[in-house]
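Okay, so here's the structure we're looking at.
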Amino acid sequence: MHPNRRPFLAGNWKMNLTVSRSVALAAELQRVLERLRAVDIGLFPTALALHAVATRLAGSRLLVGAQNVHGKGFGAFTGENSVDMLREAGATWCLVGHSERRHLFGETIADTGRKVLDLAAAGIRTILCVGETLQEREAGKTLAILEAQLRGGLAGHAPASPADLVIAYEPVWAIGTGHTASTAQVDEVHTWIRGWLRERFGAAAGDAIRIQYGGSVKPSNAPELLAVPDVDGALVGGAALDAESFVAIVKAAVPGN
Ligand code: PGA
């Protein structure tokens, strides 16, 4: 982590927890985490629980976001949610391009770029997830894949403030597998993403955009991952479903807690 960037720890609850369980977990996290001032904390429940969680956390410092969005407007898109619906439900952030969206649901790079622009137009901030598969890594294509995902995902995007955009580097082979990338692998990729962001947005903005690591983050590995200079937080899946684990990961980002 870098002293000039405020760490951002996000819990991606994926398709887990009913509405009542989501509200209960949010309330428990708020009770313990509200007093931590030097960190941004975001909770990403299923779309169905978004409104209830945001209502429960109204006035809190904890941020609430959506896991996916279809786009702008209204219309005949059965099963989908628009930016206006997410915003009114209380989402101030949205994940875009999570590997499960890309690989299980066929979301393309062009889709991610469109979503980022639609979200920005509605005033919702983006966490753009990027990451390579094991096959791509073994073929030496990691940086080429990340370049394409970043270039296409951010095409035409000019965030109002660098604090409104977060990149999450999530190697697909590390998500939900228990295999975390080594700190050397994370360092290499995050340093490269930082350089790319500086070129794309200019040095000052590129230095201010936060880069999260995601993929089997847990209390035991969070301290060493968060100690990597260009790791500015984490996107946590499995370990975010347990209050004690998520609290321990957040605390690892805030020295002295
Ligand atoms: P995981 O998921 O922590 O369970 O690996 C991370 C993510 O998919 O965001």
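Couplings 3J(HN,Hα) of segment 88-103, computed from phi: 5, 6, x, 7, 10, 9, 8, 6, 10, x, 4, 4, 5, 5, 5, 8 Hz, in residue order, whole Hz [Karplus 6.51 cos²θ - 1.76 cosθ + 1.60, θ = phi - 60°; x for Gly and Pro]. Distance distribution P(r), segment 69-113, all Cα-Cα pairs, bin width 10 angstrom from 0: 25, 52, 23 percent. Here the extension length gained between Leu104 and Ala155 equals 16.0 nm, from 0.36 nm per residue of separation less the Cα-Cα distance. Projected over all directions and averaged, the alpha-carbon convex hull of segment 164-226 occupies 4.5 nm².
A 1.4 Å probe run over segment 82-128, with the rest of the protein chains in place, finds 40 Å² accessible per residue. Residue-normalised convex hull volume from the C-alpha trace of segment 120-246: 110 Å³ per residue.
Under 5 Å between amide hydrogens, built in the peptide plane, is the criterion, and for Thr126 it picks out Cys94, Val166 among residues at least 5 positions away or on other chains. The count of lysine pairs in segment 8-252 with alpha-carbon distances below 26 Å, taking only pairs 8 or more places apart or on different chains, stands at 7.
Hey, any idea what the orientation-averaged projected area of the convex hull of segment 24-103's Cα atoms comes to, in nm²?
Over every viewing direction, the Cα hull of segment 24-103 projects on average to 6.0 nm².
Here the gap between Gln135 and His179, fully extended at 0.36 nm per residue and compared with their Cα-Cα distance, gives a gain of 14.3 nm. Sorted on the mean count of surrounding Cβ atoms within 10 Å across their residues, most packed first, peptides 154-163, 126-135 read 126-135, 154-163.
Based on DSSP H segments of at least four residues, each scored -39500 (n - 2.57), the chain has a per-residue ellipticity at 222 nm of -12500 deg cm²/dmol.
Entry for segment 8-252 at q = 0.09, 0.11 Å⁻¹: log10 I(q)/I(0) = -0.34, -0.52, Debye formula applied to identical alpha-carbon scatterers, no solvent contribution. Once the convex hull of all Cα atoms in segment 202-241 is built, its volume per residue stands at 63 Å³. How high is the FRET efficiency between Ala144 and Arg37 when r is their beta carbon distance and R₀ equals 41 Å, given to the nearest 0.05? Efficiency for this residue pair is about 0.55. With Cα atoms defining each centre, segment 224-257 and segment 107-165 are spaced 23 Å apart in the structure. Structural size metrics of segment 1-67, computed from C-alpha coordinates, are Rg and Dmax of 12.0, 37 Å.
The values are calculated or read from the model by the stated rules, or taken from the named source; none is laboratory data. All values derive from a computational prediction rather than experimental measurement. Here the Cβ is made from the backbone with ideal geometry for all residues, glycine too, and neighbour counts use every protein chain on show. Heads up: the accessible areas ignore ligands, DNA and RNA and are worked out on the full protein's heavy atoms, side chains in. Shrake-Rupley method; radii C 1.70, N 1.55, O 1.52, S 1.80 Å.
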